[in-house]
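Inspection log for the structure reproduced underneath, given as structure tokens.
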Number of protein chains: 2
Amino acid sequence: MTGSHTLAETEARVSNRLSHMTLDFEAMAVTSNLFRAASAVRNHVERTVLADSGLSWTAFVVMWVTWIWEPAETREIAEEASISKATLTGVLTTLEKLGYAKRSRSSKDGRLVIVTLQPAGHKLMETLFPEFNRHEVEVVAAVPKSQRTVLADALRAITAKIEG
Amino acid sequence: MTGSHTLAETEARVSNRLSHMTLDFEAMAVTSNLFRAASAVRNHVERTVLADSGLSWTAFVVMWVTWIWEPAETREIAEEASISKATLTGVLTTLEKLGYAKRSRSSKDGRLVIVTLQPAGHKLMETLFPEFNRHEVEVVAAVPKSQRTVLADALRAITAKIEG
DNA sequence: TTGAGATTGTTCGGATACGAATAATATAAA
DNA sequence: TTTATATTATTCGTATCCGAACAATCTCAA
């Protein structure tokens, strides 16, 4: 949320609006930066790495989870991708239309749907994922190596705190 | 992306898929945790703090930016909220429908649209934002105080690296 | 003054995104 | 066996979300 304005300027404005209240600007900064970073990474990757493949960020994540765990159950994919089952239904329809993935009923449990990748899906991921990882390396290069573990652990702690 | 599976398990699976390639698992972990954390915070806040108000996360951010900077130009709001102008058009329509915000033409430049909050919008933010900040404090409490500055700086560095 | 080029917000088309309701299937107890 | 309960993926309605195309407006050089 601190786009063209400086942090101090934003804090001064907020203080004016809520001068009678006690606010935690450190917590504000963490949340704000968390979303700006996630948004920036996502948009950048979608416009560079993923642009040619026609995959959205979410579609790529679903492809990745399926690729690693196939045959994968949809409930498992939704959990790993941090999206709802309803959203996954739509994304899988897109991926089937593109010829990258395929749905099938579980023979063990008729309620479950099993997802596997098509040959075109495997081929795509074998070139797309290394490229994706190279961009991840570039992004993380912005953080001093000595602080990367702290960063990853802090983010994991936040997720655990909420979901736990 | 590391939901029910352990990090080591995921890495082993990935290694199997790409045993012939060199991958940076540290970078993968940072990106993955970044998105899991952002998604968890967003969903949690939408289901608790924002649920009663009928605001989505994005609608709240737009309200917040407008509240701090009003009268605010739409291009400025879109930039601060990290959304496209097209998305902002839809969100503003929603906020006007709810009676929280109002659009008006700039008298200086006929291309610009100026946004201000309605009285109901001010009233909402005065109670909603402190509550929002309290949840931010709870979330950040998952990270040791000594590491919070490192976390915020690292996230800011990532955003700057991409957008710079 | 005028007209080409730039900037802005909106519209359009299509793809997420989610909660609630639903249909199909499985599981448990009676 | 039957029936109530639970679990699953899908459908539905609605709200983002974005890129591209568009119309309105501004700028500035000719």
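Data for the structure
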| quantity | calculated |
| --- | --- |
| Which numbered condition A:ALA86 misses (of (1) in contact with a His (Cβ under 8 Å, 6 or more places away or on another chain); (2) within 16 Å of DNA strand C (Cβ to nearest atom)) | (1) |
| Single residue of segment B:42-67 satisfying the filter (over 18 Å from A:SER39 (Cα atoms) and buried (at least 21 other Cβ atoms within 10 Å of the Cβ)) that is nearest to DNA strand D (Cβ to nearest atom) | B:LEU55 |
| Residues located in segment A:54-109, provided they are farther than 17 Å from B:VAL14 by Cα, of a type in the set (Ser, Thr, Tyr), in contact with a strand residue (DSSP E or B) (Cβ under 7 Å, 6 or more places away or on another chain) and in a helix (DSSP H, G or I) | A:THR74 |
| Selection count where residues are at the interface with another protein chain (Cβ under 8 Å from one of its Cβ atoms), touching a residue at least 24 places away in the same chain (Cβ under 8 Å) and not aliphatic (A, V, I, L, M), scope segment A:41-59 | 1 |
| Residue match in segment B:94-106 (condition: among the aliphatic types (A, V, I, L, M) and in contact (Cβ under 8 Å) with a residue 60 or more places away in the chain) | no |
| Unique match (being outside any helix (DSSP H, G or I) and crowded, with 18+ Cβ neighbours inside 10 Å) among B:VAL150, B:VAL115, B:VAL139 | B:VAL115 |
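Residue-by-condition table, conditions (1) of a type in the set (Asp, Glu); (2) within 12 Å of chain B (Cβ to nearest Cβ); (3) within 29 Å of B:ALA157 (Cα to Cα):
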{"position": "A:HIS5", "(1), (2), (3)": "no, yes, yes"}
{"position": "A:HIS20", "(1), (2), (3)": "no, yes, no"}
{"position": "A:ALA29", "(1), (2), (3)": "no, yes, yes"}
{"position": "A:VAL61", "(1), (2), (3)": "no, yes, yes"}
{"position": "A:GLU80", "(1), (2), (3)": "yes, yes, yes"}
{"position": "A:VAL91", "(1), (2), (3)": "no, no, no"}
{"position": "A:THR94", "(1), (2), (3)": "no, no, no"}
{"position": "A:GLY110", "(1), (2), (3)": "no, no, no"}
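Where a number appears in this text, it was derived from the coordinates with a stated rule and is not lab data. Since this is a predicted model, take the numbers as computed values, not measurements. Positions of Cβ are generated from backbone atoms using ideal geometry, with glycine treated the same way; all protein chains shown enter the neighbour counts.
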